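J.: Can you keep this structure in mind? I'll have questions shortly.
Read-outs: derived from the displayed coordinates by stated rules, not from any lab. Nothing here was measured: the structure is a model prediction, and the numbers come from that model. Here the Cβ positions follow ideal geometry from the backbone for every residue, glycine too, while neighbour counts run over all protein chains shown.
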Amino acid sequence: MSENLKSVSVLELLLKPELPDVRKVLPEKQVEVPRLSELAGTPMVFTLRGLSYDQVRQVQEKPRSDQAAFGVLYGCVSPKWGDAALLDKTRGIATPVDAIKARLIPGEIDELYMEIQQLSGYLRRTLGEVKNG
């Protein structure tokens, strides 16, 4: 470790303006859902965003069987699953989670949620070990 790094405190580094407030600025990425692209005849690209700490806790409070769908609901920037056009009570699509389950197959829901979890810092190493010496 260089002397320069030792002289700067972690607190000073956390106060740098370059470090975003992750409650407001979270990583995003675009992914394609090939099955839907094939059916639509055009690329079906979703924009995903990592979840905030509070959103992760909200997902964890849901029944285990619905956590992936709620993760997709909270972490999907586009499409907006709560859009009224996707809801149709006469077809049993009363909530945004119903819309997700009606349009996506289970593997797609799970894979989208895995992508959202990665954007949220899960399913990968987020810490590095400090070697003394």
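J.: Please give the contour-minus-distance gain from R125 to D88: 0.36 nm per residue of separation, less the Cα-Cα distance, rounded to one decimal in nm.
T.: 9.2 nm
J.: Can you list, largest first and rounded to whole Å, the semi-axes you get for the stretch 22-119 by taking the square root of 5 times each eigenvalue of its Cα gyration tensor?
T.: Taking √(5λ) for each Cα gyration eigenvalue gives 21, 17, 12 Å.
J.: Separate question: Tell me, what does the Kirkwood hydrodynamic radius of the stretch 44-96 come to in angstroms if you use every pair of distinct C-alpha atoms?
T.: With all distinct Cα pairs of the stretch 44-96 included, I get 12.0 Å.
J.: Report the charge-dipole magnitude of the stretch 35-91 in Debye, nearest 20, computed about the Cα centre from +1 at each Lys and Arg Cβ and -1 at each Asp and Glu Cβ.
T.: Working: 8 positive and 6 negative charges, 15 e Å.
Computed about the Cα centre, the dipole is about 80 debye.
J.: So, one more: Quick check for me: using +1 on Lys/Arg Cβ and -1 on Asp/Glu Cβ, what's the dipole size of the chain about its Cα centre, in debye to the nearest 20?
T.: Values: 18 positive and 18 negative charges, 37 e Å.
Around 180 debye, computed over the chain.
J.: With respect to the cross-link table entries K29/K101; K62/K131; K24/K89, which display a Cα-Cα separation exceeding 29 Å?
T.: On the way: K29/K101 22 Å; K62/K131 39 Å; K24/K89 33 Å.
Among K29/K101; K62/K131; K24/K89, the Cα-Cα distance tops 29 Å for K62/K131; K24/K89.
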